Amino acid sequence: MPDRTPDDPFADLFGKLPDARTRRISSEDTADETGSADGAPATAPPSIDDREASGAAEKSAPDTPPAPAAPPLSRREAREAAARAAAAAATSRDASGHDRAVPGDDPARRASTAAPADSEPVRATTDAASRAAEPAPRSASAAVDAAVTLEETTAPTTPRASYARSGAAEPAPTDRSGAVSTPGLEDLFAGETSTDDVGSAPPRPNRRRRRIGGWIALGVVLAIFGGLAAGGWYVWTTYEDQIRAVMGWEEPNDYEDGLANGEAILTIVSGDTGASISPKLYESGVTMTPEAFYDYLIDEGLNPPFEPGVFQLQRQMSSAAALEAIMDPANRLENTAQLREGLTVEQSLPILSESLGIPLEDFQAAVADPSAYGVSADSLEGWLFPATYTFTPEVTAVEVVQTLVNRAVQSLDAAGVPEADRQRILTIASIIQREARFEEDMQKVSTVIVNRLDPDNQETFGLLQMDSTAQYGYGEMHDGTVSSSEEALTDDNPWNTYVYPGLPIGPISNPGDTAIASAMNPAEGEWLYFVTVNLDTGETVFTTNIDDHNRAVDQWISWCRDNPDSGC
């Protein structure tokens, strides 16, 4: 050993203390020698009690003097010795020259088993290894730990792999005391266990129960939203007007400026006022609602003088723009006349007279003889076809009437009406024109007429019972209401279908193309009753039995009670 400079002031003090390492090494040697007697490998390190017992035996044995205590090393020498011992203990070479890790191997045991116990060189090596294993130098401890880690990672076969290959059940892990231990996160990170042994697999979810729960939740959500929607719909349909008034959501009843388009014709006759012109503008497509023009006049406090004549306007005009166009003489059409659907001869002649500048008496004389126009009837009712006509300034009343009758024949031919059946189809079409507003409803009204005239239903009805025919025969068509008085329903005249069976003796108005086509092509259905439940929108309810019809009549009565000024 080279000379060393005493750099530790406590070296002499440490030399005077008994060396416990010598006693521990001696006890290990004794354990190795005695442990091999029964054939078991003496490789496991002895316990603390065994070491102390072995040391005591050595001290008590008279023929085995204790080994002389080696002088303590300096710190530098201890570090160098520890590094050499760690390197030597890391691996051992096998016969093939490969490194082989030996589990549980340490330098002290390898030194004690490599030579006889009484060999001084071996004991010196053991002494050196024991001193190298002294825990005081931190670097030596770290080196030994590294060597042990290297042994474990280079072992050819792990216990888990051995059990897996043999098919045997792997024993539960135990701690040093022999108790069963449960692997934890520390063991997982140290590499001593795997994720399969940490915790337990969660139970498989019950998919059927989850599906049932999902359907129940969905049903609850749908029920809640359905209830809210139904309640909201009921409130809205019942209190729509009040809600709109409170929230300021009133729907506009007039078009805005700048939307005007196309062409529309308006006919004004003597005696017309804002109240009577307002629905005409709506029917011609000029204003948005039947009340828009009249409401505008009331709101603005206007009462203009309206001149009779035919005026060319545009569709979708504001009420203000429509009034301006009516008051402009440039929009008055000369020698132009317009007749709308549903008018009677009595209503049509004044319009023709004022529009064309021909005396009313000339027209009254022109319609006196229907046969002059090829009509085999007592009246030209229904034959003055509704349309807009333009004539030359020299036209006569007879020429005008002939033009209107020719246009009616054209419409009948287009609908496929046989010549012998023209009067009958015009009669049905005139009732349809007075009872319905829309094409779909016209076809259903035609079906009701056909079903009621069916001989199989005569025992139930016997009479057609159309209010429009009773009103026409009694002269009640022009009073501004749709309801029939008791006098009109019971008056004895050939047009009253409440008194006489079958169709009336002739038409009651001038039908248009749609009404004539509906008379020839009724809708498929078994309806026997109908009633218009909203005069503003024209909504009509068709039913097949008296109970449903009475409920619809109650609905109409309720609407009329809420709208007393709507022509009920």
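Where a number appears in this text, it was derived from the coordinates with a stated rule and is not lab data. Quick caveat: nothing in here was measured; it's all calculated off a predicted structure. A quick note on method: Cβ atoms are made from the backbone with ideal geometry, for glycine too, and the neighbour counts reach across all protein chains shown.
Values for this structure:
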read-out	value
Net charge, V310 excluded, C-beta distance under 15 Å - Lys, Arg +1, Asp, Glu -1	-4
Cβ charges +1 (Lys, Arg) and -1 (Asp, Glu), total dipole of region 434-562, debye	160
Volume per residue that the Cα convex hull of region 434-562 spans, once the total is divided by residue count, Å³	115
Förster radius 51 Å - calculated FRET efficiency between N253 and E486 (Cβ-Cβ, nearest 0.05)	0.90
Positive-end extreme of charge dipole, region 434-562 - chosen from Y472, Q458, L528 (charges on Cβ)	Y472
Computed Rg/Rh of region 243-296, alpha carbon atoms with Kirkwood Rh	1.06
For region 232-333, projected area of the alpha-carbon convex hull averaged over all directions, nm²	7.8
From phi via Karplus (6.51, -1.76, 1.60), per-residue ³J(HN,Hα) for region 400-415 in Hz, x at Gly/Pro	5, 5, 4, 4, 5, 5, 4, 5, 5, 4, 4, 5, 5, 5, 5, 7
Dipole magnitude (debye, nearest 20) for region 360-488, charges at Cβ of Lys, Arg, Asp, Glu	320
Residues whose placed amide H lies under 5 Å from that of Q314, excluding near-sequence neighbours	A264
Computed over region 232-333: relative contact order in percent, which uses C-alpha pairs under 8 Å that are six or more apart	32
Loop sites in region 212-272: chymotrypsin sites (Phe, Trp or Tyr not before Pro), DSSP, at most 14 other Cβ within 10 Å	W249
